[in-house]
Each structure stands twice: as C-alpha cells, then as structure tokens.
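The structure appears right after this line, and notes come after that.
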C-alpha cells in the first residue's frame, strides 16, 4: 500500500496538468473524509486514515484543502453555540479533531487515527491555519482537544497513551514539554465537575508516564517541577 501511495503522490506532484492534479486531490479528499465521517463504507476507515496521514505528511494535501473539502462534505454541522472569541477555524478544528478522535476508542482504528492526529497537530504548527489567531499556542489546543475527546470517550485513554502520545512527544519536544506543563499546572477543580477532574488526573498521569519514558520527565514522582527545560 505504501508503494502505491508513493506512486500516487509522485504522479500528483509531477503532473504537468495542474488542474487535473487538483481535481484528483479534491476527489480523493472528498472520498477519504466521507469515509472518516461515517458517510461512506466503514470497512475502509483504517486505510482511509493511512492514506490521509501519508498525503498530509508528504505535502500532497494541505490543511486548507482538507478543510475546504471537510466543510463541503459535512456542511455547517449541528447547531452549537460558540463564544464571540471563537472563529471559523476553531469550529473546523474542533469538529474535525473530534470526529477523528472518536475512532481512537476502537482497537482496529486507534493506531491509524492516532497517527493522523499527530500529523494534524504537526501541520497546525507551520500551516497558514496554524499561524492564525486560533493556533498561536497550539499545544494548549492539543490539551483541550484531547481532554474533550476523553470526556466523550474515556475508554480511549489507553489507546491515547499508546498511539497518540509517543509519536506526538517525539515529533515536537518543545511543544510536548509545554503540553505537559499545561496539564500539570492546570487545576480544573474550581471550574468543572468531578468526572472531568478524574479525566484530567488520568490524562496527566498517562502523559507523564509517556514523558518519563521519552526523557521529558526526570523523576518517578513526575511532578511539574521535574519536567525538563
């Protein structure tokens, strides 16, 4: 499958007919996003994740193209109230990441979904969307998205620990250190309910355990003061 993807990526990038290449990309994105968002053949979800992650990592697809197609496929979504500070970028990222995170709870798709999320988070740092107001502190958004995802799918924590944190922490050490500090310093007790507090504590413990294995945290006690600079 990887060889086929490499060939497709080369054919798209080297195609002298840019209109034809762009049309193919939009058609492929439409198909892949339809599968991921439950609007097409479900047995194809795992290869759809792999294809989308590969093309994003190779720069064959960019985030602006992804969200253009995502908006077309999924429309405006449910009637959800957003604060005045939130932008269309916030809404797009929240909805898309939430949709991908949903697949983290299933054993057959959790690994592929985790790799796609890591690619998305990495692209968020450097893409035009990533340079917008919504993403100036992108690691804080990782924390929010992961906490929101675990709030909806608490059974996904072990898969997040195994398939999301390790590649994410390896991809961006500085962002991961900030992520660990944000988790460790944040005290949710005064603002959210006990269920969310338990979710935060479990998330913090899992993130610190992975951080220790990867050399981001020094002490087995794994407190905020022991996160490496």
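Ranked by how many other Cβ atoms sit within 10 Å of their own Cβ, fewest first, the residues 161, 18, 58 fall in the order 18, 58, 161. Sorting the segments 112-123, 173-184 by their residues' average number of neighbouring beta-carbon atoms within 10 angstrom, most packed first, yields 112-123, 173-184. FRET efficiency for the residue 148 to residue 214 pair, using the beta carbon distance and R₀ = 30 Å, is estimated at 0.80. The largest-to-smallest principal axis extents of the Cα set in region 143-183 are 28, 19, 11 Å. Ordered by the count of other Cβ atoms within 10 Å of each Cβ, fewest first, 73, 217 give 73, 217.
On full extension, the segment bounded by residue 125 and residue 24 gains 33.7 nm, given 0.36 nm per residue less the C-alpha separation. Subtracting the Cα-Cα distance of residue 170 and residue 37 from their residue separation scaled by 0.36 nm leaves 45.1 nm. Based on C-alpha pairs under 8 angstrom that are at least 6 apart in sequence, region 1-75 has a relative contact order of 35 percent. Modelled label positions at residue 182 and residue 2, each set 7 Å beyond Cα in the direction of Cβ, lie 3.1 nm from each other.
Note on region 1-75: the alpha carbon radius of gyration divided by the globular reference 2.2 N^0.38 Å gives 1.06.
Could you put 71, 64, 156 in order, starting from the residue whose Cβ has the fewest other Cβ atoms within 10 Å? With the sparsest Cβ surroundings first, the list reads 64, 71, 156. For residue 140 and residue 17, the FRET efficiency from 1/(1 + (r/R0)^6), where r spans their Cβ atoms and R0 equals 45 Å, is about 0.60.
Laboratory data are not the source of any read-out in this text; all were calculated from the coordinates shown. Note that the coordinates shown come from a computational prediction; the quantities given were computed from them, not determined experimentally. Glycine also receives a Cβ, built like all others from the backbone with ideal geometry; neighbour counts cover every protein chain displayed.
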